[in-house]
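> Here it is, the structure, as C-alpha cells.
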C-alpha cells in the first residue's frame, strides 16, 4: 500500500512537472513569436524609413543635377556669344592692321621716292 502511494505520488509529481514544463514551453514559444513579430515590424519600419530617405536624397540629387545642367547650358551659350563677338572684333582689328600696314608701305615707297629725288638734287 505504501508502495502504491509512492507510485501514485511520483505519478502525480511527474504529471505536475510535465504540465509545468508544457506551460513554460508554451509561454516561451509565445514570447519568442511576439519578439519575432516585434523585430520584423521594427525591421520593416526601418527599411521603409531608409527607403524614404534614399528616395528623398535621390530626388534632391536629381534637382541639383538639373540646376547644374541649366547653369552649364547658360554658360555654354554665354561663352559661344563671347567667342562670336570677340571673333568679329578680332577680324575687324586684323583688317585694320592690314590696312595700316598697306598704308605704311605706300608711305614708305613715297618717302623713298622723295628721298631719292632729294639726294639727286643735292648732288
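> Given 107, 119, which one is free of Cβ contacts under 8 Å to residues at least 24 places away in the same chain, exposed (fewer than 10 other Cβ atoms within 10 Å of the Cβ) and assigned to a helix (DSSP H, G or I)?
Only one candidate passes the filter, namely 119.
> Here are 87, 64: which of them is modelled with pLDDT under 90 and in a helix (DSSP H, G or I)? Before you say what the answer is, go through the steps one by one.
On the way: 64 fails: modelled with pLDDT under 90.
Of 87, 64, the one residue that is modelled with pLDDT under 90 and in a helix (DSSP H, G or I) is 87.
The values are calculated or read from the model by the stated rules, or taken from the named source; none is laboratory data. This one's a predicted model, so the numbers in the text were calculated from it and none came from an experiment. All Cβ positions, glycine included, derive from the backbone under ideal geometry; neighbour counts span all protein chains shown.
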